[in-house]
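Visitor: For reference, the structure I am asking about is given below.
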Amino acid sequence: MVVEFGHFALVLAVVVALFQMLVPMWGARTGNARLMATAKPAAIAQFALLLISFLSLTYAYVTSDFSVANVAVNSHSAKPLIYRISGVWGNHEGSMLLWVLILALFGALVAVFGHNLPSRLRANVLSVQSSIALAFGVFILFTSNPFLRLDPAPFDGRGLNPILQDPALAFHPPFLYMGYVGFSMAFSFAIAALIEGRTDAAWARWVRPWTLAAWMFLTIGIAMGSWWAYYELGWGGWWFWDPVENASFMPWLAGTALLHSALVMEKREALKVWTVLLAIVTFSLSLMGTFLVRSGVLTSVHAFAVDPERGVAILAIMVLFTGGGLMLFALRAGQLRQGGLFAPISREGSLVLNNVLLTTATVTVLVGTLYPLALEGLTGQKISVGPPYFNMTFVPLMVPLLLAMPFGPFLAWKRGDLRGVAERLAAAALLAVLAAVVTFAISGRGPWLAPVMMGIGVFIMAGALAELVFRAKLGKVPFAETVRRFRNLPRSVFGTSLAHFGVGVMVVGITATTAYQSEQVILMKAGESREIAGYTLTFRGVVPNRGPNYREQVGQFEVYRNGQFVTTLKPSKRIYDAPPQPTSESGIHASWRGDLYTVLGDAQEDGGYSIRLYFNPLVRLIWIGALIMFAGGAVSLSDRRLRVGAPRRSRRLAMAPAE
Amino acid sequence: MTRKQKRGLLIGGGVGVLAVAAILVMFALRDTIVFFQTPSDVVAQKVEPGQRFRLGGLVAEGSVRRGTGTHVEFTVTDMTESVPVTYEGILPDLFREGQGVVTEGTLSASGVFVADTVLAKHDENYMPPEVADALKKKGVQLGQGASHPGQQ
C-alpha cells in the first residue's frame, strides 16, 4: 500500500513538474504576476511529493518488502539497517529517484528563500529547473521505475553487493548528487538570464552561493569515494583515473572554475558571457557524468551491472539540455552587456588564468575519458587510457595553477602590483624552498619532481596564511589593532584562505604518498616477521570469525616499532551470505607519518598466506585537505547569507578588503 | 592598452594554453594508451613481443596453478584460442576459473603473457564489456550475469 502511494506521488510530481515548467514561464513572457507566482507553491509541492515517493521506497527497503522488484534484487533481510537504507540509492532506480529528489530540493530552496529575486528571474529559473525534473521524472517512470511489484514475491532478496556495504559508500552518493545536481541551479540561472537577455548584480549574488554549496558537497562526495576505494579495494591507491571517477571530477574542475569566474562577475560585472557559458558547461558535465556512470558505455572497474538502453535515454536528456543550453547561448550571449575593464596583472587577471587552466585541464580529462569510446566507435579498436596519460597531460597544467594560487588573493582588483605581492609572499616562498630541500634530504630517492611538488604544497599553505597575516597587519600595527582587524575580516576572506590552505595540504599528501609509497607482496607463515618503513610485522596466523551477514578469516599481525608493541592489525577475507561474494578488508594503522596498510591474500598449500604490505606516507592529508576545503566553503557561505538579502550592504563589505 | 588589445591578450593566452595542452594530449595518446586483444588476436600474431597490451577472455577451467611464492599461472581463452599467462602477486577476490578476466602486461618471446596487473571486478554479475563483446563475436553463450539483474 505504502509503495503504491509512493508510486502515485511520483506520478503526481511529474505532473506538477510539467505545470511548473509551463505556467511560470508563460507568466514571465506575458508579464502575468499571478502565473509567475505559481512557481513557488509548485516547486514546494514537487519537492514534497518526491520526498513522499522517496520515503515510501525507503520504507519498502527498511521493512524488506520483497514484493517490490527493486528491493528483492538489491536488498536482503539479514542486512544491517543502515545498509538497508543506503541500499535505496545503491542501485540504478533508487539513485535516479534520489537524483530527482535533490533536484527538487534545490528548486524548493529557491522558491522559499528567493523572495528578494526579481519575480521574472525567479519564475524562469524555477521553470527551467522543473524542466530538468520533468525529463528525469519521465525517465524514471518509463525506464527505471523502482515501484514495480513482483508476483509471487520471493522469499528473500538477492542482497546488495558486499563491497557497497560500507559506511563511507553509504553516504557517498547523496553527497555526490548534492554536488552534481546542485550545479543545476547555476544552469537554471544561466538559462533564465539568457531567456531574459540580461544579467544583473542579483544574478551573480545568487549563483555564487549555490555554486559554492554544490562545489562543497561534490568535494566531500569525491573525497569519500576516494577514501572508500583506498581502504576497501585493497590496492593501496586512492585515485585510479577511472572513467567513473573522471565523471565526477570533470564537473568538479569546471565547477571550481565557475566559482572563481562568478566572483569576478559579482564584484566587477566582468566575464559575464564566460560565466554564463561555464554554468551551462558545468551542469552539462554533471549530466554527462550521470550518463557515463548509468549507461555502462565505459569500461570501468566501477561499472556495476548496467543497461545500455537506459543509457540512450539519459544521453537524449543530456543532448537536449546541453544542446539547448548552448544553442540559446549562441543566440543570446551577444545581448549580455560587457562589464568592467581590468589590466592583465590584477585580481581579475589571476582569476582568468585560473579559469583558463582549469577548463583546459577539464578538456584533457574529457579527452582521456572519451577517447576510447570515440576510437572504438570509429575503428572498432579497443583501448584503455590509464594514469600515464593523465600524468602527462593533467599534472603539467596543475603546476602553474598551483604556483599562481597564492598570488591571486593578494592582487588588487582592476590593476595589481606583482612585485609588491612577490615581496609579501617572500616568507612563504622561503618556507617552500626549505620544505623542498628537507624533503630531498630525507627521502634521497623518488622522482626529482616530488621535492618540488612538496615545496609547492607548502608554498600554497604558507601563502594562504600570509594573506590573513597581511590583512591583519600583524607586526605592522599594535597587536590589539591586529586582533581587531583579524576579527573584522569578512568571512569570505577566511573561507578563501582556508580552502586554498586545504589545497596545499592535499598537494603535500598526494605528492608524499605517490612518490614515497613502499610496497611488498610476500608470502608469510605464522610466526614469521617482516620489516617495512621502520615497522616490524609478525604474522600470528588466521582466526575465523562470524559477522552479521558474512563469515571471515581474520589475519593477525603484531606491529612493533623500535621494539615497542604498537598494535595488532587484522586484515580479513570475507565471504558474504547474500550474495555469496568474497571481499578483502584491509587492516590499517594510521599515524602522523602515514598509514601502514595490510591486505590478506590467498592461502597457500604449505599453510602460508600471500600478504600485501604498504606504507603510504602522509596519505591522510589528501582527505584532510578535502575536509579543510569543505570547511573553507562553509565559512565563506556563512558570509554569503548576510549578502543575499542585502545588496547595498554587500557593496560596502566588498570594498572593505581593498582598503 | 586598449580594450581590444586586452581582449586579444586574453584570447591569445587562452589559445596558447590550449595549444600546449593539445600537444601534451597528442603525445600522451600516442605513448600511453594500451590496446585490448583477445587470445585469437595474439595467436594470429597481431602483437609484437614486448609491446604492452591488455589480454581479456575467460580463465580456462582447470588452468590455475600456483607456483612457489606469489607466482600464479593460468590460461586465458576465448573458446577458440588460448594464451598462457603468468602473474606475480595477489589475485583479486573475484578471480575464478570460468569467469571473465582482463590482464595487462607484455608477451614474452616464448609466447607466454607476463601480466603485471590482473583487473578486479566489483560485482559478481559484471563481465568486462570488451570481454563480453569479444566472446559474443566468438559465439560463446554467456551465462547469467551478463545482463542487468533487473531484466531477468
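The values are calculated or read from the model by the stated rules, or taken from the named source; none is laboratory data. For clarity, every value in this text was computed on a predicted model and none was experimentally measured. Every residue, glycine among them, receives a Cβ derived from its backbone with ideal geometry; neighbour counts consider all protein chains shown.
Visitor: A:Gly587 fails exactly one of the following numbered conditions: (1) touching a helix residue (DSSP H, G or I) at 6+ places or on another chain (Cβ under 9 Å); (2) more than 14 Å from every other protein chain (Cβ to nearest Cβ); (3) small (Gly, Ala, Ser). What is the number of that condition?
Guide: (1)
Visitor: Only one of (1) in contact with a Phe, Trp or Tyr (Cβ under 9 Å, 6 or more places away or on another chain); (2) modelled with pLDDT under 90 is not met by A:Ile280, so which one is it?
Guide: (2)
Visitor: In addition: Would you point out the residue of segment A:436-457, among those that are touching a Phe, Trp or Tyr at 6+ places or on another chain (Cβ under 8 Å) and either at positive phi or modelled with pLDDT of 90 or more (or both), that is surrounded by the most Cβ atoms within 10 Å (Cβ to Cβ)?
Guide: Out of the qualifying residues, it is A:Pro451.
Visitor: Which ones in segment A:323-350 are in contact with a helix residue (DSSP H, G or I) (Cβ under 6 Å, 6 or more places away or on another chain), exposed (fewer than 15 other Cβ atoms within 10 Å of the Cβ) and within 14 Å of A:Glu196 (Cβ to Cβ)?
Guide: Hits for segment A:323-350: nothing passes.
Visitor: OK, next. Being among the small types (Gly, Ala, Ser), in contact (Cβ under 8 Å) with a residue 40 or more places away in the chain and either surrounded by fewer than 22 Cβ atoms within 10 Å (Cβ to Cβ) or assigned to a loop (DSSP other than H, G, I, E, B) (or both) is the filter here, so list the residues in segment A:585-601 that pass it.
Guide: Result: A:Ser586, single match.
Visitor: Looking only at residues in segment A:350-407 that are assigned to a loop (DSSP other than H, G, I, E, B) and at pLDDT below 90, which one is nearest to the other protein chains (Cβ to nearest Cβ)?
Guide: A:Lys382
Visitor: Kindly establish whether A:Ala202 is free of Cβ contacts under 8 Å to residues at least 40 places away in the same chain and either surrounded by fewer than 22 Cβ atoms within 10 Å (Cβ to Cβ) or under 30 Å from A:Ser518 (Cα atoms) (or both).
Guide: The answer is no for A:Ala202.
Visitor: Could I ask something else about it? How many residues are more than 9 Å from every other protein chain (Cβ to nearest Cβ) and of a type in the set (Gly, Ala, Ser) when one looks only at segment A:566-584?
Guide: 2
Residue-by-condition table, conditions (1) farther than 15 Å from A:Met96 by Cα; (2) β-branched (Val, Ile, Thr); (3) assigned to a helix (DSSP H, G or I); (4) out of contact with any Lys or Arg (no Cβ under 8 Å at 6 or more places or on another chain):
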{"residue": "A:Val125", "(1), (2), (3), (4)": "yes, yes, yes, yes"}
{"residue": "A:Ser130", "(1), (2), (3), (4)": "yes, no, yes, yes"}
{"residue": "A:Pro154", "(1), (2), (3), (4)": "yes, no, no, yes"}
{"residue": "A:Gly159", "(1), (2), (3), (4)": "yes, no, no, no"}
{"residue": "A:Ser188", "(1), (2), (3), (4)": "yes, no, yes, yes"}
{"residue": "A:Val207", "(1), (2), (3), (4)": "yes, yes, yes, yes"}
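A quick yes/no check of all residues on (1) of a type outside the set (Val, Ile, Thr); (2) in contact with a Lys or Arg (Cβ under 8 Å, 6 or more places away or on another chain):
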residue	(1), (2)
B:Asp41	yes, no
B:Glu48	yes, no
B:Gly56	yes, no
B:Val59	no, yes
B:Ser63	yes, no
B:Arg66	yes, no
B:Glu73	yes, yes
B:Val76	no, no
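Visitor: List the residue pairs whose Cβ atoms are under 8 Å apart, where the first residue sits in segment B:15-33 and is under 18 Å from B:Phe53 (Cα atoms) and not assigned by TED's automatic domain parsing to the domain that holds B:Phe53, the second is among the basic types (Lys, Arg) and not in a helix (DSSP H, G or I), and the two are 6 or more positions apart or on different chains.
Guide: Correct list of pairs: empty, since none qualify.
Visitor: Taking the options A:Ala213, A:Ala254, name whichever one is more than 30 Å from B:Gly89 (Cβ to Cβ) and touching a Ser or Thr at 6+ places or on another chain (Cβ under 6 Å).
Guide: A:Ala254
Visitor: Please work out which one of (1) of a type in the set (Ser, Thr, Tyr); (2) more than 19 Å from A:Leu627 (Cβ to Cβ); (3) modelled with pLDDT of 90 or more is the condition A:Ser226 fails and give its number.
Guide: All conditions pass for A:Ser226, except number (2).
Visitor: Still on this model: Against the condition at the interface with chain A (Cβ under 9 Å from one of its Cβ atoms) and within 15 Å of the chain's Cα centre (by Cα), how does B:Gln37 come out, does it pass?
Guide: Yes; evaluated as a whole, the condition is true for this residue.
Visitor: Say we look at segment B:1-34 and pick out the residues that are part of a loop (DSSP other than H, G, I, E, B) and surrounded by fewer than 18 Cβ atoms within 10 Å (Cβ to Cβ); which of these is nearest to the other protein chains (Cβ to nearest Cβ)?
Guide: B:Met1
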